[in-house]
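Visitor: The structure is given below, and queries will be raised subsequently.
The values are calculated or read from the model by the stated rules, or taken from the named source; none is laboratory data. Quick caveat, the model's predicted, so the values are computed rather than measured. Here Cβ is always computed from backbone atoms with ideal geometry, including for glycine, and neighbour counts include all displayed protein chains. Ligands, DNA and RNA are excluded from the accessible area calculation, which covers all protein heavy atoms including side chains. Shrake-Rupley method; radii C 1.70, N 1.55, O 1.52, S 1.80 Å.
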Amino acid sequence: MATPILRWCCPGRRWVFAGIGSVSRHGRGVPTGSTSSGKRGQSSVAQQPLITAQKPRKGEREWAAVVGLEIHAQIASNSKLFSGSQVDFAAPPNSLVSFFDASLPGTLPVLNRRCVEAAVMTGLALDCHINRRSLFDRKHYFYADLPAGYQITQQRLPIAVNGSLVYSVCVGKRQSQMVTKTAGVKQIQLEQDSGKSLHDSLRSQTLVDLNRAGVGLLEVVLEPDMSCGEEAAAAIRELQLILQALGTSQANMAEGQLRVDANISVHNPGEPLGVRTEVKNLNSARFLAKAIDYEIQRQINELENGGKILNETRSFDYKLGFMPEPNLPPLLLYDSGSLPTGTDPQQVINIDQLREQLPELPRVTREKLVQQYGMLPEHSFALLNEVGLLEFFQNVIKETRAEPKKVTSWVLNTFLGFLKQQNLAVSESPVTPSALAELLDLLDRKAISSSAAKQVFQELWRSKGKTPAQIVAEKKLELMQDAEVLEQLCRSTLEAHPQVVTDVKKGNPRAINKLIGLVRRATLGRADPTVIKEVLERQLSS
Amino acid sequence: MGTRAVCLGLRALAGGCRGFTSKADPQGSRRVTAELIEHLERLALVDFGSQEAVARLERAIAFADRLRAVDTDRVEPKESVLEDRCLYLRSDNVVEGNCAEELQNSHRGVKEYFVAPAGNISWPKLDEKEPFSHR
């Protein structure tokens with residue numbers, strides 16, 4: 001899986017040298033807290049490149065970028081990975097710290113069963129091989145928020161390996177087509193989170209809060225199968241949805257529950273892979289794609305100017321900081337065929353049982369939507385992309401007789417449009433599924449026209465408590481049911497405007513719209529424009 | 001704990017895992033290069049400080065190397081002495097978390113935070129250290 005398959009760039013995206021005049025950006029660089037800022041590359045455009053054996057070629061060149069991701073997701077559990085302190089992100093500083101979390105002498109790690117289950121479920125959802133035997137290690141480094149001086153992790157033999165993450169990206173001119181892609185999952189491991197440090201430069205000290213120290217993390221390592229920021233962002237988005245569907249992590253990037261480090265390199269297709277750099281601690285979905293693309297472009301510019309890519313952050317490559325965790329025996333997992341007899345079930349984790357209990361994954365939910373309701377894949381993505389939207393949609397479908405396609409269109413266009421305009425979550429919507437269902441029923445029965453329906457929706461949004469039927473009555477929006485009255489109105493309109501009638505008969509295509517408009521006004525908007533058109537055309541041709 | 005990690009890693013390195021050069025001594029004691037010393041000092045925050053300390057390190061490695069006298073062909077290495085023990089799984093309940101209260105009564109604190117020196121623990125730059133020659 002890790003063989004460097006040479007990839008061309010993302011669909012439709014070509015990486016080119018950004019022009020001779022562009023400035024190589026030092027220092028200020030990526031606005032995401034990257035640790036390697038300030039020491040980027042050694043060349044700058046200002047200098048003339050030294051004469052080297054290979055003359056740097058200028059102008060358009062094909063470049064391919066390779067992006068791998070390391071994702072840290074905080075496990076949704078009541079207590080920490082190796083201690084019984086509470087996991088809560090809104091607590092006062094240092095109020096959720098046990099003796100073990102503070103690394104006081106004489107304390108020992110005790111593994112939390114829920115965290116192991118979360119890791120196994122995530123591994124199963126990503127089609128990984130679950131290692132029946134996995135080991136814990138210590139990774140040593142010095143930092144104020146790591147009281148033990150080491151982090152307990154699973155570097156050598158992690159709990160799950162060799163899976164894949166299937167995701168989709170939008171392609172095409174109008175970003176309307178979806179293409180499926182796969183990123184290999186190298187491994188999933190359990191590890192401890194560190195505490196938080198605040199730097200007080202005024203008093204030259206560091207303030208440490210250990211509430212987060214010891215919280216369980218799932219590290220998911222994705223193979224370098226992505227080729228640009230957009231693909232990386234799409235992969236992360238899908239992983240987020242999977243973790244949320246499983247309940248193993250809330251995966252909220254803004255709250256630091258999901259953190260991403262990206263490993264990026266560029267090369268010319270056909271040649272070996274380039275030097276990797278790492279962009280760390282990306283914790284915003286929007287920044288992620290931009291930061292990755294920025295780094296790709298920076299590397300291309302650097303190389304095009306004859307410079308070299310320096311890798312500064314890999315101090316762990318020497319693996320001097322690792323040793324086996326001596327206080328934890330190997331973690332053994334079982335399946336239905338290998339369950340040990342006579343043991344406390346609380347002490348046994350059965351992979352097969354967890355597999356049976358896996359909730360429905362987003363991919364499956366989307367496929368079902370497409371099959372059941374005939375919607376486009378893009379629509380199924382949109383429905384799952386907003387918290388609560390799918391449930392809203394399904395509640396409307398339950399209560400209305402209108403066609404699913406109509407419901408889809410109303411939910412994704414009108415309803416979602418209003419939500420976005422006012423920056424509301426689905427849960428804050430003033431319109432309930434029942435109200436929308438009732439409105440769609442009125443539309444379906446042809447009791448009101450579609451433009452009237454939009455008016456009703458707007459009114460529903462503004463005034464709580466009124467039902468669609470009430471609004472229709474109040475505003476007199478009911479469609480005229482009496483065909484005879486409509487015929488009469490059309491005839492009188494034709495008689496009153498002979499000039500327009502002549503225009504129509506002459507073949508002016510826009511003239512008929514004028515007539516329709518006139519009839520609509522005469523009916524006070526209570527007739528369907530398409531029906532009006534039919535009647536007029538019939539009357540005109542007779 | 002730091003030194004143990006350093007020694008284990010050092011043996012792996014001296015065994016030629018990564019790019020450090022070390023001259024293999026047929027008697028089993030390995031030479032330790034200047035770069036390696038510098039690297040170790042930075043990682044483990046120890047200060048070898050003198051030639052005598054480096055010599056002691058080399059003797060320590062040589063001592064550990066005597067393990068190689070044992071024939072381990074076709075014997076699976078153990079990961080830890082606890083290998084045959086059962087790893088206890090704790091239920092996901094909150095049972096503790098108040099240690100900070102007791103600790104902070106005795107230390108100066110700032111708004112409930114633990115206070116540490118500024119920034120990361122720094123290592124004096126190469127030219128600031130007192131030089132002593134490595135072999």
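Visitor: Could you grab the relative contact order for the stretch A:385-542? Cα pairs under 8 Å, six or more apart, rounded to a whole percent. Provide the component values of the computation, followed by the final result.
Guide: Details: 136 pairs, mean separation 30.0, N = 158.
Averaging sequence separation for qualifying contacts and normalising by length gives 19 percent for the stretch A:385-542.
Visitor: At q = 0.18, 0.27 Å⁻¹, what is the log10 ratio I(q)/I(0) for the stretch A:202-256, with the Debye formula run over Cα points and no solvent?
Guide: One equal scatterer on each Cα of the stretch A:202-256 leads to -0.78, -1.21.
Visitor: Let me know the Kirkwood hydrodynamic radius for chain A, please, with Cα pairs as the basis and the value in Å to one decimal.
Guide: When all Cα pairs of chain A are included, the Kirkwood radius is 28.1 Å.
Visitor: I would also like to ask the following. Would you mind calculating the gained length between A:SER434 and A:VAL387 on full extension (0.36 nm times residue separation, minus the Cα-Cα distance), in nm to one decimal?
Guide: 15.1 nm
Visitor: For the stretch B:29-68, taking Cα atoms only, what is the radius of gyration to one decimal and the Dmax to the nearest whole Å?
Guide: Computed over the Cα atoms of the stretch B:29-68, radius of gyration and Dmax are 10.5, 30 Å.
Visitor: Shifting gears a bit: Put a dot 7 Å past each Cα toward the Cβ at A:ALA496 and B:VAL115; how far apart are the dots in nm?
Guide: Result: 8.6 nm between the two label points.
Visitor: Considering Cα pairs under 8 angstrom that are at least six residues apart, work out the relative contact order of chain A and quote it in whole percent.
Guide: Answer for chain A is 15 percent.
Visitor: Computed over the Cα atoms of the stretch A:363-519, what is the convex hull's projected area averaged over all directions, in nm²?
Guide: Answer in nm², one decimal: 11.9.
Visitor: While we're on this one: Computing the accessible area with a 1.4 Å probe over protein heavy atoms, can you report the carbon and sulfur percentage for the stretch A:99-232?
Guide: Ligands and nucleic acids excluded, carbon and sulfur reach 51 percent.
Visitor: How far apart, in nm, are the 7 Å Cα→Cβ label points at A:LEU358 and A:VAL179?
Guide: Each label point is offset 7 Å from its Cα along the Cβ direction, giving 2.7 nm.
Visitor: Which value, in debye to the nearest 20, describes the size of the charge dipole of chain A about its Cα centre when Lys and Arg Cβ atoms bear +1, Asp and Glu Cβ atoms bear -1, and nothing else is charged?
Guide: 1740 debye
Visitor: Over all residues in A:199-207, what is the mean tally of Cβ atoms on other chains that come within 10 Å of each residue's Cβ?
Guide: Other-chain Cβ atoms within 10 Å of each residue's Cβ, averaged: 4.
Visitor: Here's another thing I want to ask about it. Beyond a 26 Å Cα-Cα separation, which of these cross-linked pairs lie in this structure: A:LYS290/A:LYS406; A:LYS196/B:LYS78; A:LYS420/A:LYS464; A:LYS280/A:LYS420; A:LYS196/A:LYS420?
Guide: A:LYS290/A:LYS406; A:LYS196/B:LYS78; A:LYS280/A:LYS420; A:LYS196/A:LYS420
Visitor: Computed on alpha carbon atoms, what radius of gyration and Dmax characterise the stretch A:399-482, expressed in Å?
Guide: 12.3, 42
Visitor: Here is a further query. Residue farthest toward the positive end of the dipole of chain A, with Cβ of Lys/Arg at +1 and Asp/Glu at -1: which of A:GLN192, A:THR530, A:ALA452?
Guide: A:THR530
Visitor: Send over a whole-number figure in Å² for the accessible area per residue of the stretch A:113-170, probe 1.4 Å. Don't skip to the answer; put the middle values down first.
Guide: Details: 1680 Å² over 58 residues.
Here the residues of the stretch A:113-170 average 29 Å² of exposed surface.
Visitor: Total accessible area buried between chains B and A, 1.4 Å probe, in Å² to the nearest 100?
Guide: Chains B and A together bury roughly 4700 Å² of accessible area.
Visitor: What does the extension gain come out to for A:GLN458 and A:VAL485, with contour length at 0.36 nm per residue minus their alpha carbon separation? Each step should come with its number before you reach the end.
Guide: Details: separation 27, 0.36 × 27 = 9.72 nm, distance 2.88 nm.
This chain segment gains 6.8 nm when fully extended.
Visitor: Okay, next question. With each run of n ≥ 4 DSSP H residues scored as -39500 (n - 2.57), what mean residue ellipticity at 222 nm is computed for chain A after dividing by its residue count and rounding to the nearest 500 deg cm²/dmol? Don't skip to the end; give the middle numbers.
Guide: Values: 16 runs with 182 residues, N = 542.
For chain A, the value works out to -10500 deg cm²/dmol.
Visitor: Here is a follow-up. At a Förster radius of 35 Å, what calculated FRET efficiency corresponds to the Cβ-Cβ distance of A:GLN470 and A:GLU534, to the nearest 0.05?
Guide: According to the calculation, E is roughly 0.70.
Visitor: Suppose every Lys and Arg Cβ carries +1 and every Asp and Glu Cβ carries -1, with no other charges. What dipole size does the stretch B:29-68 come out with about its Cα centre, to the nearest 20 debye?
Guide: So the magnitude is around 300 debye.
Visitor: Report which residues of the stretch A:330-346 become buried by 30 Å² or more of accessible surface when going from the isolated chain to the complete set of protein chains (1.4 Å probe; DNA, RNA and ligands ignored).
Guide: The answer is A:PRO330, A:GLN346.
Visitor: Using a Förster radius of 30 Å, what is the FRET efficiency between A:ASP88 and A:ARG132 based on their Cβ-Cβ separation? Nearest 0.05, please.
Guide: After rounding to 0.05, the efficiency reads 0.35.
Visitor: For the stretch A:310-433, what size does the Cα cloud have along each of its three principal axes, sorted from largest down, in whole Å?
Guide: Here the spans come out as 62, 54, 27 Å, largest first.
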